[in-house]
Amino acid sequence: MGIEVGGLLGLIWLIIVIWAIVKVAKSTAGGLAKLIWILVLLLFPLIGLIAWFIFGPKG
């Protein structure tokens with residue numbers, strides 16, 4: 001049962017990170033800002049996602 005729960009949580013986490021990357025890509029931020037946010041989200045998924053929720057574009 002542990003593998004199934006871990007796999008499901010991993011899949012949910014992956015969907016959240018992909019959603020955040022898509023939101024960054026569609027935002028009105030400049031190209032360099034988008035690139036930096038996407039790299040942060042890819043290289044540091046947990047910290048990057050938290051930082052994006054706090055400091056990222058609103059709306």
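Things worth noting here:
- Residues satisfying the criterion are absent from the stretch 17-24 (criterion: small (Gly, Ala, Ser) and not in a helix (DSSP H, G or I)).
- You will find that of 51, 29, the residue that is outside any helix (DSSP H, G or I) and surrounded by 12 or more Cβ atoms within 10 Å (Cβ to Cβ) is 29 and no other.
Only the coordinates and a few stated rules stand behind these numbers; no lab work does. Fair warning: this is a prediction, and the values are worked out from it, not measured in the lab. So basically every Cβ, Gly included, is an ideal-geometry build from the backbone, and we count neighbours across all protein chains shown.
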